[in-house]
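The values are calculated or read from the model by the stated rules, or taken from the named source; none is laboratory data. Computed from a predicted model, the values in this text were never measured in an experiment. Because the Cβ atoms are built from the backbone with ideal geometry, glycine has one as well, and the counts that use them run over all protein chains shown.
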Amino acid sequence: MLAGGEAGTDYRPAAPASLDAFFEKVPGGLMLKARASVTVLGSCKRCLAETRLNVPLDFTLSLVRAPSLSREREEASSEPGGPNREGEGSAASFDVRSVEEEQYDGKQVNLGGILREQLLLALPMDVLCREECQGLCSVCGANLNEARCGCERKPPDPRWEKLKGIKL
Ligand SMILES: [Zn+2]
Ligand SMILES: [Zn+2]
């Protein structure tokens, strides 16, 4: 899941992960509640050391049948006895309008695709091996967490700061 697709990530899996998924039939589709804990390996932003990271996933998705099947959806929502989606303060277990929507063909749910998307959203942009990581020496490349190399390092010129935000 981490390796596939165009939107790549530098994180690698550290251990197998398990997922708890709960589906509930609602008018027009399904409600999915899922929870997982994924352990990944990434490189520390400052010193590049391999860093283990625990990423908890906990999400609720409204799975709506694709528009090509909207005729069926209308029939389903007019079923008698279904929960009233318009009712304010109803005792429904989910508020359908407040959660993210995904489409599916009405027959099969691509749980892998959904999970991948949620996982990529949950992964942090970068990771630090520890909050006070000293990083690498900009002159000799030594890991400053392990040794003082004695190089003279000038503070970065503030005029170049803005260039750091530019992505190539
Ligand atoms: Zn580090
Ligand atoms: Zn150095």
| What number of residues within the range 2-23 are surrounded by 12 or more Cβ atoms within 10 Å (Cβ to Cβ) and within 30 Å of residue 106 (Cα to Cα)? | 6
| From the residues in the range 112-168 that are assigned to a loop (DSSP other than H, G, I, E, B) and polar (S, T, N, Q), which one is farthest from ligand 2 (Cβ to nearest atom)? | 145
| For the subset of the range 41-53 comprising residues that are in a loop (DSSP other than H, G, I, E, B) and among the hydrophobic types (A, V, I, L, M, F, W, C), which member is surrounded by the most Cβ atoms within 10 Å (Cβ to Cβ)? | 47
| field | The listed residue being away from ligand 2 (no atom under 16 Å from the Cβ), farther than 16 Å from residue 120 by Cβ, at pLDDT below 95 and surrounded by 16 or more Cβ atoms within 10 Å (Cβ to Cβ), out of 26, 38 | value | 26
| request: Please work out which residue is nearest to ligand 1 (Cβ to nearest atom), limiting yourself to the range 101-147 and to residues that are over 20 Å from the mean Cα position of the chain (by Cα) and under 30 Å from residue 27 (Cα atoms). | output: 108
| said: Here is a check on your reading of the model: is residue 162 exposed (fewer than 10 other Cβ atoms within 10 Å of the Cβ), within 28 Å of residue 52 (Cβ to Cβ), within 32 Å of the chain's Cα centre (by Cα) and not small (Gly, Ala, Ser)? | reply: no
